[in-house]
Amino acid sequence: MNPIYHNLEFGITCIDTQHMRKDFVAAYLIKDNDRAAFVDTGCHLSVPTLLATLDANNIPRENVDYVLLTHIHLDHAGGAGELIKYLPNATVYVHERGAQHLINPSKLRKGVIDVYGELFFKQFLGDLIPIPEDRIVIAKDGDEITLGNRTLEFIDSPGHARHHVCIWDQASQGFFSGDTLGVSYREFDTDQGELIFPPTTPVQFDPIIWKNTIERLMSFKPKYAYLTHFNRIEFTQHSANMLIQHIDGFVKISEKLKHSESRHKAIKEHLLDYLLAISTDHGVNLDETQQVKLFKGDLEICAQGLGVWLDRNSS
């Protein structure tokens with residue numbers, strides 16, 4: 001198995017974008033009848049890995065028709081502007097709420113720097129390159145595109161973010177789900193299957209809308225979810241129930257602690273306890289230090305998102 005990309009069935013390749021750590025952020029390459037598309041891009045620093053994957057799979061750059069973005073969080077879309085410079089025939093598809101931020105990414109840049117600092121931005125994200133407006137198409141709910149001999153359909157999927165779409169692939173009976181169908185790291189797989197939990201990232205987390213979205217996606221009866229975090233998993237009603245259960249669990253923690261003096265710190269601590277507990281129940285045998293290391297990045301952004309949600313609902 002190549003450490004950077006994993007060739008799956010149905011002409012789909014999972015690419016480890018090498019963001020932050022190994023097996024953390026995936027982009028996908030779909031090939032059908034000599035035409036190709038990327039789903040998500042990772043950040044600016046991930047682009048050389050995406051181009052190397054094209055080369056390794058003998059796909060000419062001019063054969064890439066689409067760059068399909070599930071949403072505009074920078075671990076998903078931060079590399080899009082840089083990537084299309086190398087793909088002369090590619091069109092970028094994105095939710096209408098995200099398009100303007102790709103054309104003029106100054107607010108995205110400022111938002112990340114305000115939260116994480118300029119050093120983090122340069123070291124872990126690299127840059128944000130504007131995308132020319134004439135290379136962007138709005139991905140509306142129910143829109144379909146053709147790639148080679150297969151059909152891909154966009155499904156509006158708010159809950160994690162209002163600018164989120166999932167992409168239904170008829171050929172594999174799977175969703176390219178971005179963050180909507182959860183986070184599931186392969187290190188936590190056990191005989192019970194995959195451990196799935198919600199990324200409650202700021203600033204648009206909405207648990208009720210998210211659960212409605214999951215219910216709608218399950219009406220397609222998917223076999224697979226192609227997760228950004230991380231790789232393809234079989235996705236069943238049990239998977240959906242697990243995700244919904246943990247959305248409710250995260251909400252319960254945040255509501256319990258909404259009046260805490262050090263609310264953010266308290267939510268992070270309780271989220272970690274919750275994740276370690278469900279990991280134990282799932283039969284994960286990694287030692288606690290390893291688990292904390294794997295959960296670390298999610299704890300910060302999940303706690304931030306829950307805090308924003310609490311503030312929005314108290315006003």
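When the stretch 103-162 is limited to residues that are in contact (Cβ under 8 Å) with a residue 12 or more places away in the chain and basic (Lys, Arg), the one that is surrounded by the fewest Cβ atoms within 10 Å (Cβ to Cβ) turns out to be 140. Applying a threshold of 6 Å to beta carbon distances and a minimum spacing of six or more residues, or different chains, the list of pairs starting in the stretch 259-286 at a residue that is surrounded by fewer than 16 Cβ atoms within 10 Å (Cβ to Cβ) and ending at one that is polar (S, T, N, Q) and modelled with pLDDT of 95 or more reads 283/190; 283/192. Restricting attention to the stretch 44-90, the residues that are outside any loop (DSSP other than H, G, I, E, B), open to solvent by 10 Å² or more (accessible area, probe 1.4 Å) and more than 20 Å from residue 146 (Cα to Cα) total 13. Every test in (1) closer than 18 Å to residue 44 by Cβ; (2) under 20 Å from the mean Cα position of the chain (by Cα); (3) of a type in the set (Phe, Trp, Tyr) is passed by residue 86 save one, and that test is (2). If the condition is being hydrophobic (A, V, I, L, M, F, W, C), within 13 Å of residue 54 (Cα to Cα) and open to solvent by less than 10 Å² (accessible area, probe 1.4 Å), then the stretch 1-38 contributes 12, 14, 15, 27, 29, 30, 36, 37, 38. Cβ separations smaller than 8 Å between residues 6+ apart or across chains give the following pairs from the stretch 1-20 residues that are over 18 Å from residue 31 (Cβ atoms) to residues that are modelled with pLDDT of 95 or more and of a type in the set (Asp, Glu): 3/16. Taking the stretch 166-258 and the strands (runs of 3 or more DSSP E) fully enclosed by it, the elements with 1 or more residues that are buried (at least 21 other Cβ atoms within 10 Å of the Cβ), in contact (Cβ under 8 Å) with a residue 24 or more places away in the chain and of a type in the set (Ser, Thr, Tyr) are at 174-178, 224-227.
Of the set (1) surrounded by 13 or more Cβ atoms within 10 Å (Cβ to Cβ); (2) in a helix (DSSP H, G or I), all apply to residue 93 but (2). None of 98, 159 is assigned to a helix (DSSP H, G or I), closer than 29 Å to residue 213 by Cα and out of contact with any Cys (no Cβ under 7 Å at 6 or more places or on another chain) except 98.
For the condition open to solvent by 20 Å² or more (accessible area, probe 1.4 Å), part of a helix (DSSP H, G or I) and more than 25 Å from residue 21 (Cβ to Cβ), residue 290 does not qualify.
The condition of being in contact with a Ser or Thr (Cβ under 8 Å, 6 or more places away or on another chain) and over 25 Å from residue 308 (Cβ atoms) holds for only one of 181, 83, that being 83.
The values are calculated or read from the model by the stated rules, or taken from the named source; none is laboratory data. The structure presented is a predicted model; accordingly, all values stated were derived computationally and were not measured. Ideal geometry is used to build each Cβ from the backbone, glycine not excepted, and the neighbour counts take in all protein chains shown. Side chains are part of the model used for accessible areas, which takes the heavy atoms of the whole protein and leaves out ligands, DNA and RNA. Shrake-Rupley method; radii C 1.70, N 1.55, O 1.52, S 1.80 Å.
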